[in-house]
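The values are calculated or read from the model by the stated rules, or taken from the named source; none is laboratory data. Predicted, not measured: the structure shown is a model, and the values here were computed from it. Counting neighbours? That spans all protein chains shown, and the Cβs are built from the backbone with ideal geometry, glycine included. With ligands, DNA and RNA removed, areas are computed over all heavy atoms of the protein, side chains included. Shrake-Rupley method; radii C 1.70, N 1.55, O 1.52, S 1.80 Å.
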Amino acid sequence: MLIIVICILLLILAAVLTFTSVSYGTAVAFLALCTSGLLPGVELSGSLYMFWGVAMLIVIALNTILPRSVATSRVGVPYIVTSTLAGMLVGLTLSHAAMICGAIIGAILGGIAFARTPSGSVLAFPTHRFWNYLCAKGLPAIISLCIIGTAIPIIVGSMAK
């Protein structure tokens, strides 16, 4: 029971950090996934750990090489992360692949929604500046929330036993 509580707290922390910090949110989400693998009766394949671990490392590496002004910017992040979360949850009702596709579609729609606001006009949708910023902020949100979406059914399945 303690592992379930720790895992749920890590998932909540990861979701909150996704709104505030790119690298930490993804790292905590991966830590929650690793913790869910410790639950009794749960056996996760090594390929699952490798896939999401490499994805997390890519996000951290990309955030490291981004210009400081882009890496620290929070402009439009609530739009992108909230819509990514919504897309992930809708996709999660269908399958794991649909969860990933839903998160991607959600991030794109959240970026477009923000670009249509007066404060989002700075991104000048649909120019390359918009797409670069969407990739810089959307990819970490997609990876973090998809890791969370991968861990949720594992925890729920473990609780049902």
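Quick notes
- Criterion (open to solvent by 60 Å² or more (accessible area, probe 1.4 Å), modelled with pLDDT under 90 and within 20 Å of Ala113 (Cα to Cα)) met by exactly one of Val90, Val75: Val75
- Just one of the listed residues (Arg68, Arg129, Arg116) is open to solvent by 50 Å² or more (accessible area, probe 1.4 Å) and under 19 Å from Thr26 (Cβ atoms), namely Arg68.
- For the stretch 96-112, taking the residues that are closer than 12 Å to Phe130 by Cα and of a type in the set (A, V, I, L, M, F, W, C), the one that is farthest from the chain's Cα centre (by Cα) is identified as Ile112.
- Tally of residues being in contact (Cβ under 8 Å) with a residue 12 or more places away in the chain and part of a helix (DSSP H, G or I) across the stretch 37-57: 6
- Annotation: Ile104 fulfils all but one of (1) assigned to a helix (DSSP H, G or I); (2) farther than 23 Å from Ser21 by Cα; the unmet one is (2).
- Ala97 more than 28 Å from Ser119 (Cα to Cα), assigned to a helix (DSSP H, G or I) and in contact (Cβ under 8 Å) with a residue 12 or more places away in the chain: no
- When Ile105, Ile65, Ile155, Ile112 are screened for being of a type outside the set (Lys, Arg) and touching a residue at least 24 places away in the same chain (Cβ under 8 Å), only Ile155 passes.
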